[in-house]
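Rule-based calculations on the coordinates, nothing more; no lab input. Please read these numbers as outputs of a predicted model, since none were measured by experiment. Here the Cβ positions follow ideal geometry from the backbone for every residue, glycine too, while neighbour counts run over all protein chains shown.
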Amino acid sequence: MSSPRAAAILTLSALLLSTLACAGPDTQSADGTTPSAASEEPSDGLQLTVFNSTTGDYYTLAAEMEGAALLRLRAEDGSWIEFSACELDALYGICIDKAGQEWEIEGEE
């Protein structure tokens, strides 16, 4: 009979292996960011003030939008923070990135 600890270790190992197997140069990492070429910039040059409730930090980040939908933010390290179903109202709103972190979008810088 296996212990709960052993079962948890096996589950985490399987998750890690599946993540590593699926990771590629254009895939999203476990932290919700997508590796990207340094020269790739958002097309509209929009800068948003955002608050990450997980870290408790404010950032001013480049944003890529389609209409009122926030598609992604450029992290300070140059990677992308990806969103889906993130509709903003006058550039304000609360969104969850693809890694499950909550972001408060607080308008244009």
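3J(HN,Hα) along segment 79-92: 7, 9, 9, 8, 10, 9, 6, 10, 9, 9, 10, 6, 6, 10 Hz, from the Karplus curve 6.51 cos²θ - 1.76 cosθ + 1.60 with θ = phi - 60°, whole Hz, x for Gly and Pro.
Provide the net charge surrounding GLY56, with neighbours chosen by a C-beta distance below 13 Å and charges set as Lys +1, Arg +1, Asp -1, Glu -1.
On the way: positive: none; negative: ASP57, GLU102, GLU104.
Around GLY56, the surrounding residues sum to -3.
What is the sum of charges around ASP89, taking Lys and Arg as +1, Asp and Glu as -1, for the other residues whose C-beta is under 14 Å from the C-beta of ASP89? If you can, show how the numbers build up before the last one.
Numbers: positive: none; negative: GLU87, GLU104, GLU106, GLU108.
After counting each charged neighbour, the total is -4.
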